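The values are calculated or read from the model by the stated rules, or taken from the named source; none is laboratory data. The shown structure was predicted, so the numbers you read here are calculated from the model rather than taken from an experiment. Cβ sites come from the backbone with ideal geometry, for glycine too, and all protein chains shown count toward neighbours.
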Amino acid sequence: MTNRLLVPAFLSLGILAVVPVAYASPLSNDGIYDVEIITEHGACDKTYHWSVAIADGQVKSTGDMFADTSGHIDSKGTVSLAFRKVNHIANAAGRLAAGAGQGTWSSATLQCGGRWHAARQSSASR
């Protein structure tokens, strides 16, 4: 049950799908993104869907969060996020550019990991 609460929360912030060659600034990545999270190993649910908002390079959930989230997207499009709930920590990393991206996630405390991808649905962030 704990795995099911933390993983959607942290993964939702670890947004992204197809990565173009040039990376845009964090401001050009602002918007609402639909995210798909896929578990490739461990006992976490196999797939999660989430919506996140990016504003000025900062990432946050657009819905209820089950975990504390911190992280950002730098000027080269590098995604670096951490999610914490009680004694569990999960990390997400990847690239974002031109409204899409991809990356990986892992949690030593949940003993799960996998990949994620996302695509921008709206240029307005909440």
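When 97, 119 are checked against the criterion of being out of contact with any helix residue (DSSP H, G or I) (no Cβ under 8 Å at 6 or more places or on another chain) and touching a residue at least 24 places away in the same chain (Cβ under 8 Å), 119 stands alone in meeting it. Just to be sure, is residue 75 at pLDDT below 90, part of a helix (DSSP H, G or I) and of a type in the set (Gly, Ala, Ser)? Here the answer is no, as residue 75 does not meet what is asked.
Inspect segment 112-126 for any residue being outside any strand (DSSP E or B) and among the charged types (D, E, K, R) and give the result as yes or no. Give the derivation first.
The initial filter retains those residues of segment 112-126 that are outside any strand (DSSP E or B), namely 123-126.
Narrowing the set further to residues that are among the charged types (D, E, K, R) leaves 126.
Yes, segment 112-126 contains a residue that is outside any strand (DSSP E or B) and among the charged types (D, E, K, R).
Total residues in segment 39-54 satisfying the condition of being at pLDDT 90 or above, surrounded by 13 or more Cβ atoms within 10 Å (Cβ to Cβ) and touching a helix residue (DSSP H, G or I) at 6+ places or on another chain (Cβ under 9 Å): the figure is 2.
If I go through segment 69-126 residue by residue, how many of them are among the acidic types (Asp, Glu) and under 11 Å from the mean Cα position of the chain (by Cα)? Of the residues in segment 69-126, 0 are among the acidic types (Asp, Glu) and under 11 Å from the mean Cα position of the chain (by Cα).
Of the residues that sit in segment 94-118 and are of a type in the set (Gly, Ala, Ser) and surrounded by fewer than 17 Cβ atoms within 10 Å (Cβ to Cβ), which one is farthest from residue 59 (Cα to Cα)? Checking each candidate, the answer is 108. For segment 16-26, indicate whether the set of residues that are part of a strand (DSSP E or B), modelled with pLDDT under 90, buried (at least 17 other Cβ atoms within 10 Å of the Cβ) and of a type outside the set (Ser, Thr, Tyr) is non-empty. No: segment 16-26 contains no residue that is part of a strand (DSSP E or B), modelled with pLDDT under 90, buried (at least 17 other Cβ atoms within 10 Å of the Cβ) and of a type outside the set (Ser, Thr, Tyr).
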